[in-house]
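Below is one structure; the comments refer to it alone.
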Amino acid sequence: MPIPDYQTLMLPVLEESAKGEVKIGEVVHRMAERFDLRPEERQQLLPSGKQTVISNRTHWAKSYLSHAGLVERTKHAHFKITQLGKSVLASPPPKINIQFLSQFPEFLAFHAGPNNSTEEVSPASIALDVTTTSPEGTPDEVLKSTVKQLADELRAELLDRLMTAAPSFFESAVVSLLLAMGYGGAREDAGKTIGKSGDGGLDGVIDEDALGLDRVYIQAKRYKAENKIGSPDVQAFYGAVAAAKANKGVFVTTSGFSPAARQFAEKVPVKLVLIDGEHLTRLMFLYNVGVRIHETVYVKKLDEDFFTED
């Protein structure tokens, strides 16, 4: 039997998650057992040589189930079925694929991306985009689309990891990001977390000069996507920054900000920068914070100068 594709694995992976909290590595093994893969098939690697095909496809199946809200992460490398996932298995479909997942708003929202509303993306268009190559698409366009899909997936996983990590880790990650972006210069001790009881809403600080004459104060809040930061929280942060006699503040959240919160930040004399979850993961991706280069692909083009005849 050939190695099953990731869509074929979706229903079996969901069924495994219904047994309780499961570890993704164990699910990979169970998929190999379930589909009776031969030893050479279980060991078959991707072209990069860094991951087996069955492991890669199982991870992708779990990832898509997660985006549809059928499974959820519990801790590092572990996940479990959600109530929505249980309702699906209560009357299980013959198979679960992209087309099936497109009925769930969470899945539509993920594929629509931050610049589109779910109303602009139809289930049919998602299925076509993910499972087939458009006849009009050139190899270059397909490559760029694939790279974007991998980047979107990685940023979603970044946000997921930040949500399940300890609060102190999130605050430290935000400080690390701003240092990676160049704030504080080359000094290793330029940034630190200061979040504690009675901190006045300040979770971190970065000294932009050696004497600490110019400081950037940080507030970091981990909220679910639907729990937006309102103007009262931003007002409180502004008050804390002003009390610290600083003129710069960065408010970072895993969710988003209400229009009123953004309007308030624009009006105050102190420079307040609001970074939502989407912006946060894009910056982490850009500045290699929490991510690393896994594989480099060189795309070569014909050297027209070489063939130029004088």
Query raised in the report: Counting just the residues of region 215-268 that are of a type in the set (G, A, S) and closer than 24 Å to E72 by Cα, which one comes out surrounded by the fewest Cβ atoms within 10 Å (Cβ to Cβ)?
Result: A225
Query raised in the report: So H279 fits all but one of (1) touching a Lys or Arg at 6+ places or on another chain (Cβ under 7 Å); (2) surrounded by fewer than 17 Cβ atoms within 10 Å (Cβ to Cβ); (3) modelled with pLDDT of 95 or more; (4) not acidic (D, E); what number is the exception?
Result: (1)
**Report entry** Search result, residues across region 75-96 that are of a type in the set (A, V, I, L, M) and in a helix (DSSP H, G or I)
**Finding:** L84, V88, L89, A90
Report summary line: Going through region 13-71 in order, the residues found to be surrounded by 14 or more Cβ atoms within 10 Å (Cβ to Cβ), of a type in the set (S, T, Y) and more than 18 Å from P92 (Cβ to Cβ) are T52, S55, T58, S63, S66
Query raised in the report: Of the residues E26, E16, which single one is touching a Lys or Arg at 6+ places or on another chain (Cβ under 7 Å) and either more than 21 Å from L108 (Cβ to Cβ) or not assigned by TED's automatic domain parsing to the domain that holds H111 (or both)?
Result: E16
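The values are calculated or read from the model by the stated rules, or taken from the named source; none is laboratory data. What you are looking at is a predicted structure, and each value in this text was computed from that prediction instead of being measured. Don't worry about glycine lacking a Cβ; one is built from the backbone with ideal geometry, like all the others, and counts go over all protein chains shown.
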